[in-house]
1. When segment 68-101 is examined, which residues are found to be at negative phi, part of a loop (DSSP other than H, G, I, E, B) and touching a strand residue (DSSP E or B) at 6+ places or on another chain (Cβ under 6 Å)?
2. Restricting to segment 196-218, count the residues that are farther than 28 Å from residue 248 by Cα and either loosely packed, with under 13 Cβ neighbours inside 10 Å or not hydrophobic (A, V, I, L, M, F, W, C) (or both).
3. Which residues, counting only those in segment 65-95, are of a type in the set (Phe, Trp, Tyr) and buried (at least 22 other Cβ atoms within 10 Å of the Cβ)?
4. Of the residues 179, 188, 174, which single one is within 15 Å of the chain's Cα centre (by Cα) and either modelled with pLDDT of 90 or more or closer than 28 Å to residue 233 by Cβ (or both)?
5. Going through segment 160-194 one residue at a time, which ones are in contact (Cβ under 8 Å) with a residue 12 or more places away in the chain, over 29 Å from residue 208 (Cα atoms) and outside any strand (DSSP E or B)?
6. Testing residue 210 on (1) modelled with pLDDT under 90; (2) within 23 Å of the chain's Cα centre (by Cα), one condition comes back false. Which one is that?
7. Cβ-Cβ below 7 Å, separation at least six or inter-chain, first residue in segment 58-85 and farther than 22 Å from residue 145 by Cβ, second modelled with pLDDT of 90 or more and part of a strand (DSSP E or B): which pairs?
8. Among the residues of segment 219-262, which ones are of a type in the set (Asp, Glu), surrounded by 15 or more Cβ atoms within 10 Å (Cβ to Cβ) and more than 30 Å from residue 102 (Cα to Cα)?
Amino acid sequence: MKKIMAHFIVIILLLGGQPRGGLAFADVPIPGAVFIPISADATPAAAAKADTTKATEAVKSLAIPFIANTGQTDPKVAYYVQTFAGTVFVTQSGEIVYSLPGKQEAADDTTDNHSYPVGQATRSPGWVLTETLVGGHPKLSAGTPSPTHVSYFVGANQARWTSHASTYDAVHLGEVWPGVEVTLKAYGQNLEKLFLVQPGKSVDVIRLQMGGAKGLRVSDEGALVVTTGHGEIVYTKPVAWQEQGEVHLPVEVSYRLISSSS
């Protein structure tokens, strides 16, 4: 039996620019951080460089669990994951919402005509991208439970507190299109979309619509580049293979931009 697996990764690169618009969903605090030890006998400069390199590599490969929404955020949200570049929400209807934080800016020290103390840094409005699976019918389910649980005790209203919320290694969107299953996973700054195409089924049904983008283009390297008010977000060149027993045979795959009327 032959299956085709297509692998898409979203790499979030905030490259400057002035953000516009507001957040569709409220961000929530990141529950943890990664600490990378360095050698005790390293020089300060070498240790700092080694620490940065190790931290960067660790962030790239760090699996981040999805959190079940039990009332701590918008009720339209089923699951969300807090990457190191922003929060990604998966709605009850299967939309994927990227909530990118605003750019941090220093206040003007030369004047006090502000609503905040002079010299205090501020954050400009965030940016939201919404990814819709065109013509699809997602049926959400959680992946394997993670050992991590999270709790939120924000504000005085105890009815909005959340204790011991479950987390999962993935979110399954089910058979979104006939013979095409979709799974989401998160690592560091990346969101991965895995498309499993059953034998005899067409990949032509896989269509994604991007809301909130100022522009879309395919780079010379085959990546999908999404322009936002923050700068550019890069969807890496997709990878696909066909399974024949234990052998993975590479399959040619690429992005194709189509009009909204197609």
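The values are calculated or read from the model by the stated rules, or taken from the named source; none is laboratory data. Since the structure is predicted, the reported quantities are computational estimates derived from the model, not experimental observations. We place every Cβ from the backbone using ideal geometry, glycine too, and count neighbours over all the protein chains shown.
1. 69, 70, 72, 76, 92, 95, 101
2. 6
3. If the condition is that a residue be of a type in the set (Phe, Trp, Tyr) and buried (at least 22 other Cβ atoms within 10 Å of the Cβ), then 66, 79, 80, 89 are the ones that fit.
4. Working: 179 fails: within 15 Å of the chain's Cα centre (by Cα); 174 fails: within 15 Å of the chain's Cα centre (by Cα).
When all the criteria are applied, what remains is 188.
5. Hit for segment 160-194 is 160, nothing else.
6. Among (1) modelled with pLDDT under 90; (2) within 23 Å of the chain's Cα centre (by Cα), residue 210 violates only (1).
7. That search, which allows pairs on different chains as well, returns 76/91.
8. Matches in segment 219-262: 243 only.
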